[in-house]
Amino acid sequence: MSNAAELPPAPTVRAELIARLASGGRYDLAVIGGGATGLGVALDAANRGLSVVLVESHDFAKGSSSRATKLVHGGVRYLAQGNISLVREALHERSTLLANAPHLAQPLPFVMPSYKFWEAPFYGVGLKMYDALAGKAGLGPTEFLNAGETRALLPTVRSQGLRGGVKYWDGQFDDARLALALARTAAQKGALLVNYCAVTGLLHDCGKLVGLRVQDRETGRHMEIRTGCVVNAAGVWVDQLRFQDGEGAGHHASPMVAPSQGVHIVVDRDFLPTDHAMLIPRTGDGRVLFAVPWLGKTILGTTDTPRSDLAREPLPFREEVDFILNESALYLSRQPRANDVRSIWVGLRPLVKPPDEAVESTQSLSREHTVLVSKSGLVTVTGGKWTTYRAMAEDVMDRCFSAGLLPAQRGGSTAKLRLVGACPSHHKISDPPGLHLYGSESSLVQSLAGSARHLGGGLTEAMVRFAARYEYARTVEDVLARRSRLLFLNASLAQSLAKEVDAILRAENGTPENTADFVALCTQYHTLPG
Ligand SMILES: Cc1cc2nc3c(=O)[nH]c(=O)nc-3n(C[C@H](O)[C@H](O)[C@H](O)COP(=O)(O)OP(=O)(O)OC[C@H]3O[C@@H](n4cnc5c(N)ncnc54)[C@H](O)[C@@H]3O)c2cc1C
């Protein structure tokens with residue numbers, strides 16, 4: 001079988017993608033949504049030799065899939081909830097992901113500092129169980145540390161009262177770039193993927209779902225897609241599509257998703273100058289707090305706040321920001337303050353809701369995914385987490401086959417499928433961004449015009465050209481938020497590069513000048529709520 005990591009990259013010329021979409025024909029499978037879930041399904045199906053189309057209303061990973069804590073993890077805290085099967089599956093998927101995209105996903109050591117006599121033995125025993133569950137998929141043994149060893153790994157951890165700590169292993173990744181790698185690998189396998197193309201209606205015939213009405217958001221053009229099977233992978237937005245579906249249509253259908261908002265704050269690395277992450281398993285009010293080294297900065301977070309509106313760019317609440325800054329200050333020798341914040345971003349977790357129950361706390365809701373098949377044949381999948389996207393895709397495909405929505409069952413596992421760009425890396429994901437994130441495609445990026453022209457934040461003119469030619473980038477935001485991650489790392493630096501990036505994109509794509517929306521977004525990302 002051909003390995004996507006070794007094939008030449010497929011150009012992503014928009015006119016050609018739209019022409020293919022408009023040309024009619026019937027697909028085996030159509031996927032709604034280009035986040036981790038939808039892209040995973042598209043790749044799995046294309047890898048089995050099915051004809052696949054995926055449409056994304058905005059950019060790939062514009063939803064929750066670019067706003068994760070960036071951990072490839074089994075979920076230590078689900079272990080505390082006794083959810084062994086969920087943890088075991090996630091640990092298995094963790095090692096699969098690290099093997100298939102080593103340029104984008106790598107092991108990361110964590111340290112839990114302890115200030116109370118019982119903490120290290122209590123958490124240490126749980127983490128030894130975590131190791132045991134991982135078995136051969138383990139990344140390294142859990143170790144007990146004394147205070148000096150803890151300080152050596154977390155140089156700026158609060159020393160006063162420090163008794164020691166526990167070190168354990170999980171993984172970390174670049175979520176948006178992984179989403180692009182999935183999209184591009186699926187395209188290598190023959191799938192058609194189109195961003196900025198929204199599903200505006202479901203097409204039924206005699207009560208059965210037979211296709212989708214879609215709209216190219218750049219031109220306003222409407223098109224129809226014919227298919228035998230539709231997978232609704234629209235994240236927190238799945239219910240909007242379910243409510244348009246045959247028998248589920250109308251306001252009587254109950255929602256599947258209870259969104260939960262998570263805020264992250266990014267500060268400079270000197271607040272925690274280490275390539276180890278810090279985990280505080282129980283803050284003053286019983287929450288979890290992470291400080292994660294990522295792409296040269298430190299991410300602090302996160303929160304878990306129920307939210308019923310489904311804004312594309314949700315705003316943080318003041319209490320969430322205060323919680324993160326105040327709690328971090330308790331564990332770091334230098335307190336991060338409002339003017340240290342380089343970026344602040346908010347994501348919505350698509351948590352699966354028990355039917356017809358009011359949701360007061362989302363911390364107790366299921367992190368597992370759910371697949372539902374409606375009478376008309378709409379297959380909806382939501383929940384889960386980034387780490388388990390591949391296993392979720394396999395479950396979805398099994399349901400599609402067993403519901404008779406696809407041609408006869410076909411094999412083709414993605415467990416050993418290396419993604420576009422995959423090659424061993426000497427760099428860590430916690431290192432500042434650069435060419436290494438392109439893996440085996442680095443030399444191709446370097447061959448494009450402007451490879452020596454550094455724009456800032458690890459971005460070169462050649463990388464912008466590469467984003468336009470091979471990575472589906474259409475807007476300044478696509479480049480500065482998801483091909484490069486500068487909006488998430490340093491929003492004011494991203495803002496200062498907007499015009500230069502726009503000029504390069506215009507030369508590549510012929511798109512009209514447009515930086516105003518992105519500049520407004522940058523302001524949002526570096527403004528704390530009042
Ligand atoms: C704060 C936070 C932290 C997290 N941390 C982690 C972590 O560290 N590790 C981990 O494993 N997981 C983590 N997760 C979970 C993980 O990010 C999500 O489970 C995953 O990204 C969900 O992907 P998705 O594809 O289902 O949803 P999304 O990424 O939201 O994708 C759905 C897509 O559907 C599109 N769409 C919606 N309507 C339409 C339409 N009508 N037509 C076409 N497209 C449409 C949207 O634009 C969107 O891009 C975290 C999540 C959050 C929010």
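Every number in this text was worked out from the coordinates using simple rules, so none of it is lab data. Remember, predicted model here, so these are calculated numbers, not experimental data. With ideal geometry, Cβ positions are generated from the backbone for all residues, glycine too; neighbour counts draw on all protein chains shown.
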### Message
Test of understanding: ordering His436, His103 by Cβ neighbours within 10 Å, fewest first, what list do you get?
### Response
His436, His103
### Summary
Exposure proxy check on Asp478, Asp285, Asp517, Asp304: fewest-to-most Cβ neighbours within 10 Å is Asp285, Asp517, Asp304, Asp478
### Message
Nearest 10 degrees is fine. How inclined is helix 84-100 to the longest principal axis of the chain, computing both from alpha carbons?
### Response
80 degrees
### Query
When the helices in the chain are scored as -39500 (n - 2.57) per DSSP H run of 4 or longer and the sum is shared across all residues, what 222 nm value do you end up with, to the nearest 500 deg cm²/dmol?
-9000 deg cm²/dmol
## Note on the structure
In whole angstrom, the spacing between the Cα centers of the stretch 159-205 and the stretch 221-245 equals 20 Å
### Task
Let me have the relative contact order for the chain, percent, based on Cα pairs under 8 Å that are six or more residues apart.
20 percent
### Summary
Checked the stretch 86-162 with the C-alpha gyration tensor, a ≥ b ≥ c its square-rooted eigenvalues, rounded below a/c of 1.5, otherwise prolate if a/b is larger than b/c and oblate if not; verdict oblate
#### Entry: Long pairs among Lys189/Lys416; Lys128/Lys416; Lys385/Lys416, criterion Cα-Cα beyond 18 Å
Lys128/Lys416; Lys385/Lys416
### Query
Among the lysines, which have Cα under 26 Å from the Cα of Lys499 when same-chain residues fewer than 8 positions away are ignored?
Lys62, Lys297
### Task
Just name one of Val373, His427, Pro259: the one whose Cα is farthest towards the positive end of the charge dipole of the chain (beta-carbon charges, Lys/Arg +1, Asp/Glu -1).
His427
### Exposure proxy order (Cβ contacts within 10 Å, fewest to most) of Glu16, Glu327, Glu56
Glu16, Glu327, Glu56
#### Entry: Full-stretch length increase - Asp285, Arg213 - with 0.36 nm per residue and alpha-carbon distance subtracted
21.2 nm
### Task
Report, to the nearest 10°, how far helix 175-188 tilts away from the longest principal axis of the Cα atoms in the chain, using its own Cα long axis and a range of 0 to 90°.
30 degrees
### Message
Can you find, among Tyr78, Gly63, Tyr27, the residue sitting farthest towards the positive end of the charge dipole of the stretch 21-82, where Lys and Arg contribute +1 and Asp and Glu -1 at Cβ?
### Response
Tyr78
### Query
Quick one: putting +1 on the C-beta of Lys and Arg, -1 on the C-beta of Asp and Glu, what dipole do you get for the chain around its Cα centre, in Debye to the nearest 20?
680 debye
### Query
Highest mean first, what order results for 422-431, 24-33 on Cβ atoms within 10 Å?
24-33, 422-431
#### Entry: Relative contact order, percent, the stretch 435-525 [alpha-carbon distance under 8 Å, six or more residues apart]
23 percent
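Rounding to the nearest 20 debye, state how big the charge dipole of the stretch 435-525 is about its Cα centre with +1 on each Lys and Arg Cβ and -1 on each Asp and Glu Cβ.
Computed about the Cα centre, the dipole is about 120 debye.
Sorted by average packing, counted as other Cβ atoms within 10 angstrom per residue and highest first, what order do 209-221, 494-506 take?
Highest mean packing first, the order is 494-506, 209-221.
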### Query
By a straight-distance test (C-alpha under 20 Å), which aspartates and glutamates pair with Lys208 as possible cross-link partners, with residues fewer than eight away in the same chain excluded?
Asp28, Glu224, Asp239, Asp245, Glu247, Asp398
### Task
For the stretch 1-106, just say rounded, prolate or oblate: build the C-alpha gyration tensor, square-root its eigenvalues into a ≥ b ≥ c, call rounded for a/c under 1.5, and beyond that prolate if a/b exceeds b/c, oblate if not.
prolate
### Query
For the chain, rounded, prolate or oblate, judged on the Cα gyration tensor with a ≥ b ≥ c (square roots of eigenvalues), a/c < 1.5 rounded, else prolate if a/b > b/c?
prolate
### Query
What FRET efficiency would be calculated for the residue pair Lys375, Arg88, taking the C-beta separation as r and a Förster radius of 35 Å, to the nearest 0.05?
0.55
